[in-house]
Amino acid sequence: MGIRDLLIEVAKTCRGSGKVAKDDPGYQLLQAAGDRLHGSLPYGMVAKGHSGQGVYTVTPWIGIHDSADGRAGESGLYLAYIFAVDRSTVTMTLQQGVTEIHKQLGESKGERLYTYLRHRTEAFRQLLPEHVLRGLTDTPDLGDKRNFRPRSYEEASIAAITYELAFLPAEADLCADLGMMAGVLKLAKEAAVHIQENFAAPGPEIMLAPDYPHAPVLESADHGLDEFRPKDSDAYVAHISAYQQIKRRDHEKLIADFGPHAREQGFKPITEKAHPRDIILRRDDQEWIVEAKVVRKGNRTLASREALSQLFEYRHLLYREQGRPTPHLLGLFSEEMGVYEPYLEEHGIASVWPTPDGWRGSDRAAAWGIAQRGEGQGS
């Protein structure tokens, strides 16, 4: 049982009113959420289901946080799957601990709390790199704006992905999304130290520290692959996404420039929900996976090795292991790859790179129609 099955089961089983009863199937299901999701979580993260205290919450949720954070549902930052009041959607959101903020404000509810949460949320969004938040929902709609819990969760959401329960993505995609959001959570925790708060002020007040790092500084954060121990292909997707290095702007620009070119050549470029792949191309029921590499300081050797190993990993774990048709492999490089171009071709990987006169590529890339043949290396 993975993320997908559990989310569907919770939506069908959990009540939205009445007193909490320990023999209720919904209560028992949420209590078992941590064990049910154990094999699907990024390394070092734990899950706990929440049905409400005393009476059932209208928005049951499953919190996911770093095991070192302790009771992250009350304080700090954490991820959560929160179900809408009508159970039509479930939202994975990067949340702020509403309970602790509520206490700091003197148990204040209503607009004072919502306004404070909204300002605090905007402070986090200013600190996080723009491209990290790209494609994520700002404020989810959980329904029933008059109810304290769903309204406070909406205002406390820094970034989110909302799924329609009738059309939930495949398990591998849900794992990839969770891994990506775990990376955003890590960045948000690093940024939190630069937020200054004054709960005693009439407002109260939220400010960014005078020396706070602007987004470009945070973009270079490298989270490494420490304790990387995936047991199956779904776990691989979650882990590699969670600890994926936040890309620099030149990497993002390479992808952004290539997408429109690929579309002009008859391919459909896809980046949304492609993690950990950089780009997916589709045409005539065929699929290409694209790994983008910026050749830094002329080091083609490193760029070639990284592209080859990652493309082979993705093909095996995301396609063959899951019984999906084998994709074509394409390395997208910031410059021509020299002696490594035929080497990659020998291993079934095409190369493509930009030039002042347009996009050039290896034999396979030219045969697919994705680029013109590289100058001086055949026609």
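The values are calculated or read from the model by the stated rules, or taken from the named source; none is laboratory data. From a predicted model like this one, the values you see are computed outputs, not experimental measurements. Positions of Cβ are generated from backbone atoms using ideal geometry, with glycine treated the same way; all protein chains shown enter the neighbour counts. Accessible surface is based on the protein model in full, side chains and every heavy atom, while ligands, DNA and RNA are left aside. Shrake-Rupley method; radii C 1.70, N 1.55, O 1.52, S 1.80 Å.
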Practice item. Rounded to the nearest Å, what's the spacing between the alpha carbon centres of the range 112-179 and the range 272-341? Just the number, please. Key: 31 Å
Practice item. Please give the net charge around VAL58, taking every other residue with its beta carbon less than 9 angstrom from that of VAL58, where Lys and Arg add +1 and Asp and Glu add -1. Key: 0
Study note, to complete from the structure: With every protein chain kept in place and a 1.4 Å probe, the range 37-156 has an accessible area per residue in Å² of 41 Å²
Practice item. Run the quick spin-label model on GLN126 and VAL46: label points 7 Å from Cα toward the beta carbon, then report their separation in nm to one decimal. Key: 3.5 nm
**Study point:** Global geometry of the range 284-379, whether rounded, prolate or oblate, following the gyration tensor of its Cα atoms and the 1.5 cut on a/c
**Key:** oblate
Review point. If amide H atoms are built 1.01 Å from N in the plane of the peptide, which residues on other chains or at least 5 residues away come under 5 Å of the amide H of GLY76?
Key: GLY97
Check your understanding: So for the pair GLN286, ILE270, with labels modelled 7 Å out along Cα→Cβ, what separation do we get in nm?
Key -> 1.7 nm
Point to revise | Protein accessible area in the range 103-177, 1.4 Å probe - carbon and sulfur % | key: 46 percent
Review point. Distance in nm between label sites at THR301 and ASP144, each 7 Å beyond Cα in the beta-carbon direction?
Key: 6.3 nm
**Study point:** 3J(HN,Hα) from dihedral phi, the range 56-61, Karplus parametrisation 6.51/-1.76/1.60, rounded to Hz, x for glycine, proline
**Key:** 5, 6, 6, 10, x, 8
